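Worksheet for the structure shown next.
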Amino acid sequence: MPNHDILDLQPAHIRELRNRYERAMADHGYDSLLIASGAAPYRYRDDQAYVFQGFGPFLHWTGLAGQEHSWLLVRPGQKPVLWLYQPVDFWHANPVMAEEPWLEVVDVRSRQQAGAPELDSPGRLAIIGDPLVLEGVPGDHNPAALVAAVEETRVHKTPYEIECLAHANRIALAGHRAAREAFLAGDSEFGISLAYQQATGQREVEAPYHSIIGLNEHAGTLHYQYYDLQPPRRPRSLLIDAGVRYRGYCSDITRTTAGPDEPRFTALVHGLEKLQLRLCEMVSPGVDYVDIHRKAHLGIAALLSASGLVFGLADEAMVEQGITRAFFPHGIGHFLGIQVHDVAGKPTPSPEDAPFLRLTRTLEAGMVVTIEPGLYFIPSLLEPLLNGPEAQYLNRALIDELKSCGGIRIEDNVVVTAAGARNLTRECE
Ligand code: GLY
Ligand code: MN
Ligand code: MN
(Lines give C-alpha, C1' and ligand atoms only; values in the text may rest on other atoms or scores of the structure.)
(Ligands and ions follow the chains in the order given, each with its own letter.)
Protein backbone atom coordinates (compact mmCIF):
# COMPACT_ATOMS: atom_id res chain seq x y z
CA MET A 1 0.00 0.00 0.00
CA PRO A 2 1.51 3.40 -0.95
CA ASN A 3 2.39 5.70 1.94
CA HIS A 4 -0.36 8.25 1.18
CA ASP A 5 -3.01 5.52 1.45
CA ILE A 6 -1.63 4.56 4.86
CA LEU A 7 -1.88 8.19 5.98
CA ASP A 8 -5.50 8.29 4.84
CA LEU A 9 -6.29 5.46 7.30
CA GLN A 10 -4.95 7.36 10.31
CA PRO A 11 -7.95 9.62 11.10
CA ALA A 12 -10.17 6.52 11.41
CA HIS A 13 -7.54 4.98 13.71
CA ILE A 14 -7.71 8.05 15.95
CA ARG A 15 -11.51 7.99 15.95
CA GLU A 16 -11.39 4.33 17.00
CA LEU A 17 -8.92 5.20 19.78
CA ARG A 18 -11.30 7.89 21.00
CA ASN A 19 -14.06 5.26 21.31
CA ARG A 20 -11.81 2.76 23.05
CA TYR A 21 -10.40 5.34 25.47
CA GLU A 22 -13.78 6.83 26.25
CA ARG A 23 -15.05 3.39 27.24
CA ALA A 24 -11.98 2.71 29.38
CA MET A 25 -12.27 6.10 31.09
CA ALA A 26 -15.99 5.67 31.75
CA ASP A 27 -15.37 2.19 33.19
CA HIS A 28 -12.83 3.60 35.63
CA GLY A 29 -14.56 6.89 36.45
CA TYR A 30 -12.23 9.43 34.79
CA ASP A 31 -13.27 12.65 33.01
CA SER A 32 -9.85 13.48 31.54
CA LEU A 33 -6.67 11.60 30.73
CA LEU A 34 -3.32 13.25 30.14
CA ILE A 35 -0.61 11.16 28.47
CA ALA A 36 3.07 12.13 28.77
CA SER A 37 5.44 11.36 25.89
CA GLY A 38 8.27 11.22 28.43
CA ALA A 39 11.85 12.46 28.24
CA ALA A 40 15.25 10.80 28.33
CA PRO A 41 16.96 11.10 31.71
CA TYR A 42 20.54 12.31 31.89
CA ARG A 43 23.29 9.87 32.78
CA TYR A 44 24.57 10.18 36.30
CA ARG A 45 27.05 13.09 36.63
CA ASP A 46 27.03 13.66 32.89
CA ASP A 47 25.43 16.17 30.54
CA GLN A 48 24.48 13.44 28.06
CA ALA A 49 21.01 11.84 28.05
CA TYR A 50 20.04 8.23 27.38
CA VAL A 51 18.55 7.45 23.99
CA PHE A 52 14.88 8.41 23.95
CA GLN A 53 11.93 6.44 22.58
CA GLY A 54 8.52 7.69 23.65
CA PHE A 55 5.87 6.16 25.93
CA GLY A 56 3.65 3.55 24.20
CA PRO A 57 0.20 5.19 24.65
CA PHE A 58 1.56 8.52 23.37
CA LEU A 59 2.88 6.75 20.27
CA HIS A 60 -0.38 4.86 19.87
CA TRP A 61 -2.11 8.21 19.23
CA THR A 62 0.64 10.18 17.52
CA GLY A 63 3.35 7.80 16.21
CA LEU A 64 5.90 10.44 17.29
CA ALA A 65 8.59 8.20 18.78
CA GLY A 66 11.21 10.95 19.24
CA GLN A 67 9.05 13.73 20.68
CA GLU A 68 10.11 14.51 24.28
CA HIS A 69 8.23 16.65 26.86
CA SER A 70 4.98 16.51 24.90
CA TRP A 71 1.49 15.73 26.16
CA LEU A 72 -1.82 14.49 24.84
CA LEU A 73 -5.18 15.14 26.51
CA VAL A 74 -8.16 12.85 25.96
CA ARG A 75 -11.63 13.99 27.01
CA PRO A 76 -14.86 12.30 25.99
CA GLY A 77 -16.66 14.14 23.21
CA GLN A 78 -13.73 16.50 22.46
CA LYS A 79 -10.91 16.54 19.93
CA PRO A 80 -7.75 15.21 21.56
CA VAL A 81 -5.26 18.00 22.30
CA LEU A 82 -1.59 17.47 21.52
CA TRP A 83 0.93 19.84 23.08
CA LEU A 84 4.22 19.59 21.22
CA TYR A 85 7.33 20.78 23.01
CA GLN A 86 8.92 23.28 20.63
CA PRO A 87 11.23 25.54 22.62
CA VAL A 88 13.23 28.39 21.13
CA ASP A 89 16.61 26.71 21.40
CA PHE A 90 19.77 27.39 19.42
CA TRP A 91 21.34 24.05 20.49
CA HIS A 92 18.71 21.74 19.02
CA ALA A 93 16.26 21.68 16.13
CA ASN A 94 12.53 21.29 16.65
CA PRO A 95 10.86 18.55 14.65
CA VAL A 96 8.93 19.76 11.63
CA MET A 97 5.44 18.29 11.37
CA ALA A 98 4.44 17.36 7.83
CA GLU A 99 0.88 18.30 6.84
CA GLU A 100 -0.95 15.01 7.15
CA PRO A 101 -4.62 13.98 7.39
CA TRP A 102 -4.44 13.03 11.10
CA LEU A 103 -3.76 16.64 12.07
CA GLU A 104 -7.37 17.43 11.15
CA VAL A 105 -8.70 15.20 13.94
CA VAL A 106 -6.27 16.36 16.63
CA ASP A 107 -5.91 19.87 18.07
CA VAL A 108 -2.15 20.50 17.90
CA ARG A 109 -0.60 23.25 20.01
CA SER A 110 3.00 24.33 20.39
CA ARG A 111 4.55 24.78 23.83
CA GLN A 112 7.79 26.29 25.10
CA GLN A 113 7.72 24.66 28.55
CA ALA A 114 8.69 21.08 29.24
CA GLY A 115 6.29 20.47 32.14
CA ALA A 116 2.66 19.37 31.99
CA PRO A 117 0.14 21.90 30.60
CA GLU A 118 -2.40 23.45 32.95
CA LEU A 119 -5.87 22.14 32.25
CA ASP A 120 -9.22 23.92 32.40
CA SER A 121 -11.67 22.10 34.71
CA PRO A 122 -10.42 18.60 33.95
CA GLY A 123 -12.80 16.93 36.43
CA ARG A 124 -11.42 13.63 37.68
CA LEU A 125 -8.02 13.49 36.00
CA ALA A 126 -5.65 10.59 35.39
CA ILE A 127 -2.10 11.08 34.11
CA ILE A 128 -0.11 8.25 32.60
CA GLY A 129 3.54 8.14 31.64
CA ASP A 130 7.04 7.73 32.99
CA PRO A 131 6.86 8.68 36.70
CA LEU A 132 10.07 10.73 36.22
CA VAL A 133 8.16 13.37 34.22
CA LEU A 134 4.99 13.27 36.34
CA GLU A 135 6.47 14.59 39.59
CA GLY A 136 4.34 17.40 41.04
CA VAL A 137 1.67 17.17 38.31
CA PRO A 138 -1.84 17.13 39.83
CA GLY A 139 -4.11 14.13 39.09
CA ASP A 140 -4.02 10.36 39.67
CA HIS A 141 -0.70 9.02 38.43
CA ASN A 142 -0.73 5.76 36.47
CA PRO A 143 -3.82 4.24 38.15
CA ALA A 144 -3.27 0.51 37.64
CA ALA A 145 -6.76 -0.47 36.48
CA LEU A 146 -6.93 2.35 33.92
CA VAL A 147 -3.39 1.63 32.67
CA ALA A 148 -4.40 -2.02 32.14
CA ALA A 149 -7.53 -0.93 30.24
CA VAL A 150 -5.50 1.47 28.11
CA GLU A 151 -3.01 -1.32 27.32
CA GLU A 152 -5.90 -3.53 26.27
CA THR A 153 -6.80 -0.91 23.61
CA ARG A 154 -3.55 -1.89 21.85
CA VAL A 155 -4.32 -5.59 21.48
CA HIS A 156 -6.54 -5.44 18.38
CA LYS A 157 -4.83 -3.43 15.69
CA THR A 158 -6.76 -1.02 13.48
CA PRO A 159 -6.35 -1.17 9.67
CA TYR A 160 -3.98 1.82 9.93
CA GLU A 161 -1.77 0.01 12.42
CA ILE A 162 -1.66 -3.14 10.31
CA GLU A 163 -0.55 -1.18 7.24
CA CYS A 164 2.13 0.59 9.30
CA LEU A 165 3.38 -2.80 10.51
CA ALA A 166 3.32 -4.11 6.93
CA HIS A 167 5.39 -1.14 5.78
CA ALA A 168 7.83 -1.59 8.67
CA ASN A 169 8.25 -5.16 7.39
CA ARG A 170 8.90 -4.00 3.80
CA ILE A 171 11.62 -1.59 4.90
CA ALA A 172 13.26 -4.09 7.26
CA LEU A 173 13.35 -6.78 4.58
CA ALA A 174 15.39 -4.51 2.32
CA GLY A 175 17.83 -4.33 5.25
CA HIS A 176 17.83 -8.09 5.69
CA ARG A 177 18.63 -8.61 2.00
CA ALA A 178 21.52 -6.16 2.25
CA ALA A 179 22.76 -7.82 5.44
CA ARG A 180 22.77 -11.25 3.82
CA GLU A 181 24.69 -9.95 0.79
CA ALA A 182 27.22 -8.26 3.08
CA PHE A 183 27.70 -11.53 5.00
CA LEU A 184 28.16 -13.57 1.80
CA ALA A 185 30.68 -10.95 0.62
CA GLY A 186 32.69 -11.56 3.80
CA ASP A 187 31.77 -8.47 5.84
CA SER A 188 32.13 -8.16 9.64
CA GLU A 189 29.25 -7.78 12.10
CA PHE A 190 29.90 -4.04 12.10
CA GLY A 191 29.94 -3.93 8.30
CA ILE A 192 26.68 -5.90 8.19
CA SER A 193 25.12 -3.44 10.63
CA LEU A 194 26.13 -0.53 8.36
CA ALA A 195 24.66 -2.35 5.33
CA TYR A 196 21.40 -2.85 7.26
CA GLN A 197 21.22 0.80 8.32
CA GLN A 198 22.01 2.02 4.81
CA ALA A 199 19.35 -0.15 3.20
CA THR A 200 16.66 0.74 5.75
CA GLY A 201 17.55 4.44 6.01
CA GLN A 202 17.33 4.08 9.76
CA ARG A 203 19.95 4.90 12.38
CA GLU A 204 20.62 2.23 14.98
CA VAL A 205 19.28 4.50 17.77
CA GLU A 206 15.93 4.81 15.99
CA ALA A 207 15.47 1.05 15.66
CA PRO A 208 12.79 -0.54 17.84
CA TYR A 209 15.50 -2.61 19.56
CA HIS A 210 19.24 -3.05 19.26
CA SER A 211 19.78 -5.05 16.07
CA ILE A 212 21.17 -8.49 16.90
CA ILE A 213 23.88 -9.37 14.37
CA GLY A 214 25.88 -12.47 15.26
CA LEU A 215 28.38 -14.38 13.16
CA ASN A 216 29.40 -17.96 14.04
CA GLU A 217 29.29 -18.64 17.84
CA HIS A 218 27.74 -15.20 18.41
CA ALA A 219 24.57 -16.45 16.70
CA GLY A 220 24.08 -18.64 19.78
CA THR A 221 23.69 -15.68 22.15
CA LEU A 222 19.99 -14.88 21.99
CA HIS A 223 20.35 -11.09 22.29
CA TYR A 224 24.00 -10.74 21.21
CA GLN A 225 24.82 -7.06 21.64
CA TYR A 226 28.30 -6.33 20.23
CA TYR A 227 29.63 -5.90 16.72
CA ASP A 228 33.07 -7.25 15.89
CA LEU A 229 34.96 -4.97 13.54
CA GLN A 230 36.75 -7.88 11.84
CA PRO A 231 35.05 -10.82 10.11
CA PRO A 232 35.89 -14.31 11.41
CA ARG A 233 38.51 -16.28 9.48
CA ARG A 234 35.84 -18.77 8.40
CA PRO A 235 32.35 -17.20 8.28
CA ARG A 236 30.01 -20.12 9.02
CA SER A 237 26.71 -18.44 9.85
CA LEU A 238 24.87 -15.15 10.20
CA LEU A 239 21.92 -14.59 12.52
CA ILE A 240 20.36 -11.15 12.16
CA ASP A 241 17.35 -10.13 14.23
CA ALA A 242 16.52 -6.57 13.24
CA GLY A 243 13.50 -4.38 12.63
CA VAL A 244 12.56 -0.82 11.89
CA ARG A 245 10.03 1.64 13.18
CA TYR A 246 7.59 3.16 10.72
CA ARG A 247 5.37 5.91 12.18
CA GLY A 248 6.07 4.36 15.58
CA TYR A 249 5.25 0.76 14.54
CA CYS A 250 7.89 -1.94 14.84
CA SER A 251 8.92 -4.85 12.71
CA ASP A 252 10.84 -7.68 14.37
CA ILE A 253 12.37 -10.07 11.83
CA THR A 254 15.07 -12.71 12.13
CA ARG A 255 16.87 -14.50 9.35
CA THR A 256 19.72 -17.01 9.52
CA THR A 257 22.10 -17.65 6.64
CA ALA A 258 24.57 -20.52 6.47
CA GLY A 259 28.04 -19.97 5.04
CA PRO A 260 28.77 -21.52 1.62
CA ASP A 261 30.53 -24.69 2.88
CA GLU A 262 28.12 -25.74 5.63
CA PRO A 263 25.91 -28.55 4.29
CA ARG A 264 24.80 -29.79 7.72
CA PHE A 265 24.03 -26.35 9.08
CA THR A 266 22.29 -25.43 5.81
CA ALA A 267 20.05 -28.51 6.18
CA LEU A 268 19.24 -27.52 9.74
CA VAL A 269 18.33 -23.97 8.63
CA HIS A 270 16.02 -25.37 5.96
CA GLY A 271 14.44 -27.76 8.46
CA LEU A 272 13.78 -24.96 10.93
CA GLU A 273 12.36 -22.76 8.19
CA LYS A 274 9.87 -25.48 7.20
CA LEU A 275 8.82 -25.81 10.82
CA GLN A 276 8.52 -22.03 11.16
CA LEU A 277 6.22 -21.86 8.12
CA ARG A 278 4.05 -24.64 9.54
CA LEU A 279 3.77 -22.77 12.83
CA CYS A 280 2.81 -19.57 11.00
CA GLU A 281 0.00 -21.52 9.36
CA MET A 282 -1.36 -22.37 12.81
CA VAL A 283 -2.10 -18.68 13.46
CA SER A 284 -5.87 -18.29 13.38
CA PRO A 285 -8.67 -16.96 15.60
CA GLY A 286 -9.49 -19.30 18.48
CA VAL A 287 -6.03 -20.88 18.63
CA ASP A 288 -4.30 -20.88 22.01
CA TYR A 289 -0.87 -19.30 21.42
CA VAL A 290 0.62 -21.62 24.04
CA ASP A 291 -0.32 -24.53 21.74
CA ILE A 292 1.81 -23.01 18.98
CA HIS A 293 4.70 -22.87 21.44
CA ARG A 294 4.19 -26.53 22.36
CA LYS A 295 3.94 -27.55 18.69
CA ALA A 296 7.25 -25.76 18.13
CA HIS A 297 8.89 -28.01 20.74
CA LEU A 298 7.58 -31.14 19.05
CA GLY A 299 8.84 -29.81 15.71
CA ILE A 300 12.27 -29.06 17.19
CA ALA A 301 12.33 -32.62 18.59
CA ALA A 302 11.60 -34.03 15.12
CA LEU A 303 14.36 -31.87 13.65
CA LEU A 304 16.88 -32.94 16.31
CA SER A 305 16.05 -36.54 15.49
CA ALA A 306 16.14 -36.12 11.71
CA SER A 307 19.49 -34.33 11.84
CA GLY A 308 20.98 -36.97 14.13
CA LEU A 309 21.74 -34.48 16.91
CA VAL A 310 19.57 -36.56 19.27
CA PHE A 311 18.82 -40.25 18.83
CA GLY A 312 17.02 -43.09 20.58
CA LEU A 313 14.22 -40.96 22.05
CA ALA A 314 10.66 -40.34 20.87
CA ASP A 315 9.80 -36.70 20.13
CA GLU A 316 7.41 -36.45 23.11
CA ALA A 317 10.04 -37.87 25.47
CA MET A 318 12.60 -35.39 24.18
CA VAL A 319 10.24 -32.55 25.06
CA GLU A 320 9.27 -34.04 28.45
CA GLN A 321 12.90 -34.55 29.46
CA GLY A 322 13.72 -30.91 28.72
CA ILE A 323 16.08 -31.71 25.86
CA THR A 324 14.28 -29.49 23.36
CA ARG A 325 14.39 -26.63 25.87
CA ALA A 326 18.18 -26.76 25.94
CA PHE A 327 18.16 -26.17 22.16
CA PHE A 328 15.18 -23.78 22.10
CA PRO A 329 15.10 -21.93 25.42
CA HIS A 330 12.89 -18.91 24.57
CA GLY A 331 9.21 -18.49 23.79
CA ILE A 332 7.70 -18.86 20.33
CA GLY A 333 6.95 -15.13 20.18
CA HIS A 334 4.94 -12.19 21.44
CA PHE A 335 2.54 -9.40 20.53
CA LEU A 336 3.99 -6.78 18.20
CA GLY A 337 2.94 -3.17 17.70
CA ILE A 338 4.11 0.19 18.93
CA GLN A 339 6.51 -1.72 21.19
CA VAL A 340 8.46 -4.68 19.96
CA HIS A 341 7.25 -6.80 22.86
CA ASP A 342 3.81 -5.25 22.85
CA VAL A 343 1.74 -5.01 26.01
CA ALA A 344 -1.15 -7.04 27.44
CA GLY A 345 0.09 -10.43 26.24
CA LYS A 346 0.05 -12.15 29.61
CA PRO A 347 -3.20 -11.78 31.54
CA THR A 348 -2.26 -15.21 32.89
CA PRO A 349 1.31 -16.19 33.76
CA SER A 350 3.38 -18.35 31.43
CA PRO A 351 2.98 -22.09 32.01
CA GLU A 352 5.75 -23.84 33.94
CA ASP A 353 7.10 -25.55 30.82
CA ALA A 354 7.36 -22.19 28.99
CA PRO A 355 8.71 -19.68 31.53
CA PHE A 356 9.89 -17.16 28.92
CA LEU A 357 6.73 -17.14 26.83
CA ARG A 358 5.52 -13.53 26.52
CA LEU A 359 2.04 -14.29 25.20
CA THR A 360 -0.47 -16.65 26.78
CA ARG A 361 -3.71 -15.57 25.11
CA THR A 362 -6.11 -17.19 22.69
CA LEU A 363 -5.70 -15.52 19.30
CA GLU A 364 -8.35 -13.14 17.97
CA ALA A 365 -8.67 -11.27 14.68
CA GLY A 366 -6.67 -8.03 14.76
CA MET A 367 -3.88 -9.32 16.99
CA VAL A 368 -0.36 -9.22 15.57
CA VAL A 369 2.18 -11.76 16.77
CA THR A 370 5.67 -12.96 15.97
CA ILE A 371 6.45 -16.59 15.23
CA GLU A 372 10.11 -17.19 15.97
CA PRO A 373 11.32 -20.73 16.65
CA GLY A 374 15.04 -21.20 17.24
CA LEU A 375 17.59 -23.97 17.51
CA TYR A 376 20.86 -23.02 19.19
CA PHE A 377 24.09 -24.54 20.43
CA ILE A 378 24.43 -22.75 23.76
CA PRO A 379 27.26 -24.27 25.82
CA SER A 380 25.79 -23.30 29.22
CA LEU A 381 22.53 -25.14 28.39
CA LEU A 382 24.03 -28.16 26.59
CA GLU A 383 26.88 -28.91 29.02
CA PRO A 384 24.56 -30.10 31.83
CA LEU A 385 22.92 -32.52 29.36
CA LEU A 386 26.24 -33.69 27.95
CA ASN A 387 27.42 -34.40 31.50
CA GLY A 388 24.17 -35.99 32.70
CA PRO A 389 22.06 -39.07 31.98
CA GLU A 390 20.72 -37.46 28.77
CA ALA A 391 24.24 -37.70 27.26
CA GLN A 392 23.39 -41.19 25.96
CA TYR A 393 20.92 -39.61 23.52
CA LEU A 394 23.13 -36.76 22.31
CA ASN A 395 25.48 -36.81 19.35
CA ARG A 396 28.41 -35.01 20.97
CA ALA A 397 30.57 -35.03 17.84
CA LEU A 398 27.85 -33.39 15.75
CA ILE A 399 27.10 -30.83 18.48
CA ASP A 400 30.82 -30.03 18.61
CA GLU A 401 30.93 -29.63 14.86
CA LEU A 402 27.92 -27.29 14.71
CA LYS A 403 28.42 -25.26 17.85
CA SER A 404 30.62 -22.73 16.12
CA CYS A 405 27.66 -21.97 13.83
CA GLY A 406 25.97 -20.64 17.02
CA GLY A 407 22.33 -21.14 16.19
CA ILE A 408 19.31 -20.45 14.06
CA ARG A 409 16.25 -18.26 14.55
CA ILE A 410 13.63 -17.48 11.92
CA GLU A 411 11.04 -14.86 12.80
CA ASP A 412 8.05 -13.45 10.93
CA ASN A 413 5.33 -10.97 11.88
CA VAL A 414 1.82 -12.34 11.46
CA VAL A 415 -1.62 -10.72 11.68
CA VAL A 416 -4.54 -12.81 12.91
CA THR A 417 -7.39 -12.25 10.42
CA ALA A 418 -11.01 -13.41 10.51
CA ALA A 419 -10.12 -16.05 7.91
CA GLY A 420 -6.77 -17.15 9.40
CA ALA A 421 -3.59 -15.17 9.08
CA ARG A 422 -1.65 -12.66 7.00
CA ASN A 423 2.12 -13.04 7.10
CA LEU A 424 3.44 -9.47 6.80
CA THR A 425 7.02 -10.66 6.40
CA ARG A 426 6.66 -13.34 3.76
CA GLU A 427 4.25 -11.31 1.63
CA CYS A 428 7.01 -8.88 0.70
CA GLU A 429 9.93 -11.31 0.35
N1 GLY B 1 14.06 -9.03 18.74
C2 GLY B 1 13.66 -9.55 19.98
C3 GLY B 1 12.68 -10.61 19.83
O4 GLY B 1 12.64 -11.27 18.80
O5 GLY B 1 11.84 -10.83 20.64
MN1 MN C 1 10.48 -11.20 18.50
MN1 MN D 1 13.38 -10.56 17.00
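So that you can scan it fast, the table gives a plain yes or no per residue for (1) among the β-branched types (Val, Ile, Thr); (2) in contact with a helix residue (DSSP H, G or I) (Cβ under 8 Å, 6 or more places away or on another chain); (3) within 15 Å of ligand 2 (Cβ to nearest atom):
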position	(1), (2), (3)
Gln339	no, yes, yes
Pro355	no, no, no
Arg358	no, no, yes
Thr362	yes, yes, no
Met367	no, no, yes
Glu383	no, no, no
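Does Leu272 satisfy the condition of being within 16 Å of ligand 2 (Cβ to nearest atom), touching a strand residue (DSSP E or B) at 6+ places or on another chain (Cβ under 6 Å) and over 30 Å from Phe58 (Cα atoms)? Lay out the reasoning, then the answer.
Working: within 16 Å of ligand 2 (Cβ to nearest atom): yes; touching a strand residue (DSSP E or B) at 6+ places or on another chain (Cβ under 6 Å): yes; over 30 Å from Phe58 (Cα atoms): yes.
Yes.
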TODO: Those residues that are out of contact with any Leu (no Cβ under 9 Å at 6 or more places or on another chain) and either farther than 21 Å from Gln113 by Cβ or of a type outside the set (Asp, Glu) (or both), I need them from the stretch 48-68; list them, please.
DONE: Gln48, Ala49, Tyr50, Val51, Phe52, Phe55, Gly56, Leu59, Gly63, Gly66
Task: Qualifying positions in the stretch 324-343 - over 10 Å from the mean Cα position of the chain (by Cα) and of a type in the set (S, T, N, Q) - done: Thr324
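How about the stretch 179-201: which of its residues are small (Gly, Ala, Ser), under 20 Å from Tyr226 (Cβ atoms) and free of Cβ contacts under 8 Å to residues at least 40 places away in the same chain?
Within the stretch 179-201, the subset small (Gly, Ala, Ser) is 179, 182, 185-186, 188, 191, 193, 195, 199, 201.
The next check asks that each one be under 20 Å from Tyr226 (Cβ atoms); those that pass are 179, 182, 186, 188, 191, 193, 195.
Selection gives Ala182, Ser193, Ala195.
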Task: Residue that is nearest to the chain's Cα centre (by Cα), among those in the stretch 194-218 that are buried (at least 22 other Cβ atoms within 10 Å of the Cβ) and among the hydroxyl-bearing types (Ser, Thr, Tyr) - done: Ser211
Open item on the list: Restricting to the stretch 345-377, and then to whatever is away from ligand 3 (no atom under 16 Å from the Cβ), buried (at least 18 other Cβ atoms within 10 Å of the Cβ) and among the hydrophobic types (A, V, I, L, M, F, W, C), can you tell me which residue is modelled with the lowest pLDDT?
Closed with: Ala354
TODO: Report, by residue number, each residue of the stretch 94-128 that is more than 24 Å from Asp31 (Cβ to Cβ) and under 29 Å from the mean Cα position of the chain (by Cα).
DONE: Asn94, Pro95, Val96, Met97, Ala98, Glu99, Glu100, Pro101, Trp102, Leu103
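Could you tell me how many of the residues in the stretch 1-42 are of a type in the set (Phe, Trp, Tyr) and surrounded by fewer than 16 Cβ atoms within 10 Å (Cβ to Cβ)?
Step one: filter the stretch 1-42 for residues of a type in the set (Phe, Trp, Tyr), giving 21, 30, 42.
Keeping just the survivors that are surrounded by fewer than 16 Cβ atoms within 10 Å (Cβ to Cβ) gives 42.
Number of matching residues: 1.
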Open item on the list: Whether any residue in the stretch 77-89 is surrounded by fewer than 17 Cβ atoms within 10 Å (Cβ to Cβ) and among the hydrophobic types (A, V, I, L, M, F, W, C) is what I want to check.
Closed with: yes
Open item on the list: Being surrounded by fewer than 15 Cβ atoms within 10 Å (Cβ to Cβ), closer than 21 Å to Gly54 by Cα and in contact with a strand residue (DSSP E or B) (Cβ under 8 Å, 6 or more places away or on another chain) is true for just one of Arg124, Arg109. Which residue is that?
Closed with: Arg109
- [ ] Would you confirm whether any residue within the stretch 373-394 is under 19 Å from the mean Cα position of the chain (by Cα), within 16 Å of ligand 1 (Cβ to nearest atom) and touching a residue at least 24 places away in the same chain (Cβ under 8 Å)?
- [x] yes
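Here are some residues: Ser37, Ser70. Which one is of a type in the set (Gly, Ala, Ser), in contact with a helix residue (DSSP H, G or I) (Cβ under 6 Å, 6 or more places away or on another chain) and touching a residue at least 12 places away in the same chain (Cβ under 8 Å)?
Details: Ser70 fails: in contact with a helix residue (DSSP H, G or I) (Cβ under 6 Å, 6 or more places away or on another chain).
Among Ser37, Ser70, only Ser37 is of a type in the set (Gly, Ala, Ser), in contact with a helix residue (DSSP H, G or I) (Cβ under 6 Å, 6 or more places away or on another chain) and touching a residue at least 12 places away in the same chain (Cβ under 8 Å).
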- [ ] Go through the stretch 283-340 and count every residue that is under 26 Å from Pro379 (Cβ atoms), surrounded by 20 or more Cβ atoms within 10 Å (Cβ to Cβ) and aromatic (Phe, Trp, Tyr).
- [x] 2
TODO: State which residue pairs qualify: first residue closer than 10 Å to Arg245 by Cα and in contact (Cβ under 8 Å) with a residue 60 or more places away in the chain and inside the stretch 335-347, second residue of a type in the set (D, E, K, R) and within 12 Å of ligand 2 (Cβ to nearest atom) in any location, beta carbons under 6 Å apart, and separation of 6 or more residues or different chains.
DONE: Val340/Asp252
Open item on the list: Among the listed residues Glu352, Glu281, identify the single one that is of a type in the set (Asp, Glu) and free of Cβ contacts under 8 Å to residues at least 12 places away in the same chain.
Closed with: Glu352
- [ ] Could you please let me know if Leu394 is under 16 Å from Leu304 (Cα atoms), more than 16 Å from ligand 2 (Cβ to nearest atom) and either of a type in the set (Gly, Ala, Ser) or surrounded by fewer than 21 Cβ atoms within 10 Å (Cβ to Cβ) (or both)?
- [x] no
TODO: Filter the stretch 314-336 for residues that are part of a loop (DSSP other than H, G, I, E, B) and either away from ligand 2 (no atom under 16 Å from the Cβ) or among the acidic types (Asp, Glu) (or both) and give the result.
DONE: Ala314, Gln321, Gly322
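The values are calculated or read from the model by the stated rules, or taken from the named source; none is laboratory data. Fair warning: this is a prediction, and the values are worked out from it, not measured in the lab. Note: ideal-geometry Cβ built from the backbone for every residue, glycine included; neighbour counts use all protein chains shown.
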